[in-house]
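Structure first, then comments.
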Amino acid sequence: MRKVLILGATSAIAQATARLFAAKGDHLFIAGRSADRLEMVRQDIAVRGAASVGVFAIDANDRARHEALLDAAERAMGGLDTVLIAHGVLSDQKACEGSVERALVDIETNALGVIALLTLVANRFEARRSGTIAVISSVAGDRGRKSNYVYGAAKGMVTLFLQGLRNRLAAAEVQVLTIKPGFVDTPMTAAIPKGGPLWAKPEDIATGILAAIEKKRDVVYLPWFWQWIMLIIRMIPERIFKRLSL
Amino acid sequence: MAEPYTSWGLYPKLPQRGVTLSWRNQAFPAIAGEVLPRGNGRSYGDSCLAENGTLIDARGLDRFISFDPTTGRLACEAGMLLADILDVSVPRGWFLPVTPGTRLITVGGAIANDVHGKNHHRRGSFGHHVLGFELARSDGRRIRCTQDEEAELFPATIGGLGLTGLIVSAELQLVPIEGAWLDVETIRFEDLGSFFALSTESDATHEYTVAWIDCLAQGSALGRGVFTRANHARASGGREPRAPRRIPLTPPISPVNGWTLRAFNELYYRLPRAPRSLQHYRTHLYPLDALRDWNRLYGPRGFLQHQCVVPATSAPEAMRAILGAIAEAGDGSMLAVLKMFGDMPGRGLLSFPRPGASLALDFPFRGPSTLALLDRLDRIVMGAGGAVYPAKDARMSGETFRRGFPDWQKLEATRDPKIMSAFWRRVTADTRKES
Ligand SMILES: Cc1cc2nc3c(=O)[nH]c(=O)nc-3n(C[C@H](O)[C@H](O)[C@H](O)COP(=O)(O)OP(=O)(O)OC[C@H]3O[C@@H](n4cnc5c(N)ncnc54)[C@H](O)[C@@H]3O)c2cc1C
Ligand SMILES: NC(=O)c1ccc[n+]([C@@H]2O[C@H](COP(=O)([O-])OP(=O)(O)OC[C@H]3O[C@@H](n4cnc5c(N)ncnc54)[C@H](OP(=O)(O)O)[C@@H]3O)[C@@H](O)[C@H]2O)c1
């Protein structure tokens, strides 16, 4: 029975993943910035079989309360062995180009808040020599593109941070999982017209996340074919890439 | 993959876009013009299509709210699939009191069509087990509806075709079971008369009864078919059925044609069967769910369903006339399903189930000849004092609809002024004054 903390638990992908944990009878501690929404998620996963569900309202950027969040999770579940960080915002690229403030706020949410919490979690898990850290990054972090490089840069920072962290924590047998979804049909992408085989459902991503955790994977593209798409995209020489509209 | 919004029969084809809802405390979407609540799009015709193309997609409202395994009372959001309820409730010993032939419909859709199942003779329809629901109206009101608190909106919404507001959440009473398996008996019968006799006998002893009819058989074999009756069992039958297969794309030409239909019906009737067996509930109650997107098999032109109910007294004659008309047209149906409804009147103003015999048929859409055949069936049903099921309809005349559902004006009076379906516009158009 796992003891799982999820930050950004009201995200569509996180909810779908929480349901899978719940169906396995795990303990859950869900955190996010909206108390109303957290309560709705709590009710749902409680019925779906979670051994217990704790709730903690916190803005991911409220770094002063990150220690309190971890303490509360450990207290509620009698321990903590799995952390899933899922929150994020899809930046309005054009707005970020016109406003330093906008760009930095999004980078704070997508990267700094994540890194802050990871730093604390890493120290706890390293000392215990066990645990799973899973973070939702994005394929967008694999290469900067004009259509979303503010978002991409923040995700890229998370990806790189996780890579280093994994290297550090390997000796302590702590799993560090970088999750890179492609296009997922969630509220985050509500404004984007959808259709076609590249779009996945949050449930599909959740299944992939759980499998990657159980198989102790390091990096996972979801669905799998994004690994090949991104391989090709990363291989295009910069000289050519800079002229493309992707 | 995000799928486009169609009706299950893929006919008619009206372009649709959806506004998605993710949280039950979200306000009724502020959109100029008319909208229609949408469940999982398992209605065959245009009752799940918006007249002007804007749907309020409620599938994102798919959370449980509470479940008490000691009483079987369940509260959930209205976009939840019946499949998800069963996944959680069956291992704890509870089952849906009423379920249609697919578990891939939402609670909102189940209420809006007051759906029925193979146990109508025992349990009535879905609405009989709804303890209450919350309705969001376009004027911003949130109304908790129960039989006692909302004497108008409660019955108007059950079978209300989504027109009275967006159902946000609902409370249901489940029924206790001892396991996931059913004790099923299968009996071949030679003609319609034997069907009625088998029904009368079995409805007294079995929870689920239904018959498949070979609708291409003629003469003395008219109405022959296969009857199944089942009860929930305590015993387990072994391994669970495997996950569904998928029809990946729409074949350019439908493999469902006169020849394959004839072969299918003949084979299905003759198929050797174990007279009695244990079947998993998914296998017995939802055989079609094993093949996801099977509707694509009918090809790009889509298909039409026709489901009617006629009073028991006129049933033998009406069923003979309908089957005769189909056999004559040579335009058979693979999935001809016949069932006797029980005496329990529906709780909804426009509930379709009522005492009598109900026959459901489907037809590949072949243009005017298909429509003419269905009009002919309507005339037989009307002559017998019956009704045609809106959830399955894409073409009945306004007059046919209104004769089958004389309380339609009461629903029109409680309709949310911002809500309109292609179906409702169609069957009420000739009653609206030209402006
Ligand atoms: C294989 C198959 C077998 C079937 N067998 C049966 C059967 O045995 N018995 C039977 O009765 N039916 C049967 N049906 C029909 C099906 O059960 C109904 O059409 C059902 O209403 C579909 O529900 P849905 O969630 O897909 O809703 P949709 O088809 O999307 O919508 C149906 C109606 O419900 C309304 N609606 C949906 N959600 C809401 C909401 N949240 N608030 C307000 N209104 C809402 C819509 O406006 C629309 O009027 C079958 C269908 C299929 C495909
Ligand atoms: N959808 C995609 O195509 C896609 C692709 C690749 C990666 N991803 C990543 O997947 C993760 C989950 O996103 P999703 O697709 O499931 O979208 P989503 O449903 O919109 O979820 C985003 C979540 O982030 C939360 N959030 C935003 N800012 C926050 C803050 N400051 N503090 C706390 N929580 C905050 C939101 O909380 P509220 O509920 O309170 O708003 C919401 O729960 C994100 O990291 C996203 O970048 C998504």
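Just so it is clear, none of the values below were taken in a lab; they were calculated from the coordinates. No experiment lies behind these values; they were computed from the predicted model shown. A quick note on method: Cβ atoms are made from the backbone with ideal geometry, for glycine too, and the neighbour counts reach across all protein chains shown.
So the values come out like this:
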| item | result |
| --- | --- |
| Integer Hz, Karplus 6.51/-1.76/1.60 couplings in order for region B:120-128, x for Gly and Pro | 4, 4, 9, 10, x, 10, 3, x, 5 |
| Qualifying trypsin sites (Lys or Arg not before Pro) for region B:102-143 [loop in DSSP, other Cβ within 10 Å: at most 16] | B:Arg141 |
| Within the protein assembly as shown, helix-based [θ] at 222 nm, where runs of 4 or more DSSP H residues each add -39,500 (n - 2.57), nearest 500 | -9500 deg cm²/dmol |
| Along each principal axis, Cα extent of region B:1-110, largest first, Å | 45, 31, 24 |
| Region B:231-280-region A:169-187 distance, computed between alpha-carbon centres (Å) | 41 Å |
| Charge dipole of the protein assembly as shown about the Cα centre (unit charges at C-beta), most positive-ward option of A:His87, B:Cys215, A:Gly54 | A:His87 |
| Calculated P(r) tail over 18 Å for region B:30-95, as whole % of Cα pairs | 49 percent |
| Charge dipole (debye, nearest 20) of chain B; +1 at Cβ of Lys and Arg, -1 at Cβ of Asp and Glu | 800 debye |
| Spin-label model distance (nm) - A:Ala95 vs B:Arg17, 7 Å beyond Cα toward Cβ | 2.0 nm |
| Lys/Arg +1, Asp/Glu -1 at C-beta; region A:3-241 dipole; positive extreme among A:Ser34, A:Val135, A:Leu117 | A:Val135 |
| If the convex hull is drawn through the Cα atoms of region A:98-246, its volume per residue in Å³ | 132 Å³ |
| Alpha-carbon Debye profile of region B:325-432, log10 I(q)/I(0) at 0.13, 0.16 Å⁻¹ | -0.55, -0.82 |
| Computed log₁₀ I(q)/I(0) - Debye formula, equal Cα scatterers, no solvent, region B:93-249, q 0.10, 0.13 Å⁻¹ | -0.52, -0.80 |
| Set of aspartates and glutamates with alpha-carbon distance to A:Lys94 below 15 Å, sequence-local pairs under 8 removed | A:Asp106 |
| Efficiency of FRET between B:Asp148 and B:Asp87 - r from beta-carbon atoms, R0 25 angstrom, step 0.05 | 0.20 |
| Nonlocal amide H pairs with B:Ala58, under 5 Å, H built at 1.01 Å | B:Arg38 |
| Cβ crowding within 10 Å averaged over residues, with B:47-59, A:229-241, B:214-226 ranked highest first | B:47-59, B:214-226, A:229-241 |
| Sorted peptide list for B:267-280, A:2-15, B:302-315, B:64-77, criterion being average Cβ within 10 angstrom, highest first | A:2-15, B:302-315, B:64-77, B:267-280 |
| Viscosity 0.692 mPa s, temperature 37 °C, Stokes-Einstein D of chain B from Kirkwood C-alpha radius, µm²/s | 149 µm²/s |
| Bridge type composition, region B:1-130 - antiparallel percent by DSSP, nearest 5 | 40 percent |
| Shielding by partners, peptide A:43-54 (average Cβ within 10 angstrom, other chains) | 4 |
| Calculated P(r) tail over 47 Å for the protein assembly as shown, as whole % of Cα pairs | 24 percent |
| For B:Ile253, net neighbour charge (Lys/Arg +1, Asp/Glu -1) across residues whose Cβ lies under 15 Å away | +3 |
| About the Cα centre, charge dipole magnitude for the protein assembly as shown (Lys/Arg +1, Asp/Glu -1 at Cβ), debye | 1720 debye |
| Residues whose placed amide H lies under 5 Å from that of B:Gly165, excluding near-sequence neighbours | B:Asp416 |
| Rounded FRET efficiency, nearest 0.05, which uses the C-beta distance separating A:Ser245 from B:Glu240 and R0 of 41 Å | 0.25 |
| Cα centroid separation, region B:77-134 to region B:20-65 (Å) | 19 Å |
| Values of log10 I(q)/I(0), in the order q = 0.10, 0.15, 0.16 Å⁻¹, for region A:1-94 under a Debye, Cα-only, solvent-free model | -0.23, -0.50, -0.57 |
| Rounded to 5, percent antiparallel among DSSP beta bridges of the protein assembly as shown | 60 percent |
| Whole-angstrom gap from region A:199-246 to region B:148-190, using each part's C-alpha centre | 42 Å |
| Mean separation of Cα contacts under 8 Å, 6 or more apart, over the residue count of region A:3-241: relative contact order % | 18 percent |
| Extreme residue, positive dipole direction of the protein assembly as shown, given options B:Gly41, B:His120, A:Gly182 (C-beta unit charges) | A:Gly182 |
